[in-house]
Amino acid sequence: MTTKSKPTLPLTIPLQIPTWWTPREALAVFEMIDDLRSIIWKCYQVQLLTEYRDLLKEAAARSERARREELDLDDLPF
């Protein structure tokens, strides 16, 4: 007996923007995206700020590690 596997969604969904929109249509989409951004911000402001802060901390730590690896303290002449 074989079982059918459920179709799964791709990990990413490519977003192709038409090049034939009128300026009015492009503006309507732009405004909708801006409204969506505002609504998401209102709902998740604290979580977004926390996530952004954590990402910046991780990037700073990686940068500091890379800098320290580049500056090998054992190779200093004193």
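Taken about its Cα centre, the chain carries a charge dipole of about 560 debye when Lys and Arg each add +1 at the Cβ and Asp and Glu each add -1 at the Cβ. Take the Cα radius of gyration of the chain and divide it by 2.2 N^0.38 Å, N being the number of residues; the result is 2.05.
The packing ranking, built from the mean of other Cβ atoms within 10 Å per residue, places the peptides 14-20, 36-42 in the order 36-42, 14-20, highest first. Using alpha carbons only, how many degrees (0 to 90, rounded to 10) separate the axis of helix 23-70 from the longest principal axis of the chain? Rounded to the nearest ten degrees, it is 20.
Computed from the coordinates by the stated procedures, all read-outs in this text should not be read as laboratory data. Since the model is a prediction, treat every value here as computed from it, not as a measurement. As a convention, Cβ positions derive from the backbone with ideal geometry for all residues, glycine included, and neighbour counts pool all protein chains shown.
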